[in-house]
Amino acid sequence: MIGERFTRAARQAVHDAVAQAERLDAPEIGPEHLALALLDTPVLAEFELARDEVVDAFAAARRKGGLSDADTEALRRLGIDVDQIVASVERSHGEGALAGSPTRRRRRFFGNHLPFTAAAKKTLERSLVEARDLGHSTLRQEHMLLALLAERGLVAEVLGARGVNYVEVRKRVARSPR
């Protein structure tokens, strides 16, 4: 089973991701919740990220319905002003209307647990591949971070804008003792 290979810290990161999703009243646990849970990992500490800045970047994306800056820019090039659309929707439906925070909770599974999104599941599966490719016998927090950075999307964009990228993190993880 995949969970048997997780270190205690990696398991705790998954639990922390669940807590992040619950705190944000999210209907599911997504990659951004995993990223928030990993912000205090030693490999990220080397980048001296400002936690509040990362949290605010994810909140801004949620406000735009989960669109990243790259998505927003691509739509702008097509003549679609996402900020104008968000403002219009919020005037009609209230602030944060596109944030995805449901007024009615989605069904929870397995004893009232929030489900993981397909992307979050893929991240956890990819974490195992990262560990194996590095010759590590256990799955650690840094493997989860590598899996998040390997996928194009909001997490990689937010962290990348702050100097955290797959190549640099992989170098650091490869150099670290097992």
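Odds and ends about this structure:
- Solvent-accessible surface of the chain, averaged per residue with a 1.4 angstrom probe and all protein chains in place: 58 square angstrom.
- Accessible surface of the chain [probe 1.4 Å, protein heavy atoms]: carbon and sulfur percent: 51 percent
- Helical runs (DSSP H, four residues minimum) scored at -39500 (n - 2.57) apiece and divided by the length of the chain put the mean residue ellipticity at 222 nm at -17500 deg cm²/dmol.
- Pairwise Cα distances in the chain exceed 21 Å for 51 percent of all pairs.
- Subtracting the Cα-Cα distance of Ala74 and Val167 from 0.36 nm times their residue separation leaves 31.0 nm of extension gain.
- With DNA, RNA and ligands ignored, accessible area of His113 (1.4 Å probe; Å², nearest 10): 110 Å²
- Net length gained if the chain between Glu95 and Arg51 were fully extended (0.36 nm per residue, minus Cα distance): 13.5 nm
- Residue ranges 132-138, 150-156, 88-94 sort as 150-156, 132-138, 88-94 when ordered by packing (mean number of other C-beta atoms within 10 Å per residue, highest first).
The values are calculated or read from the model by the stated rules, or taken from the named source; none is laboratory data. If you're wondering where the values come from, they're calculated on a predicted model, not measured in any experiment. No Cβ is skipped: glycine too gets one built from the backbone with ideal geometry, and neighbour counts run over all protein chains shown. Accessible surface areas use protein heavy atoms only, side chains included; no ligands, DNA or RNA. Shrake-Rupley method; radii C 1.70, N 1.55, O 1.52, S 1.80 Å.
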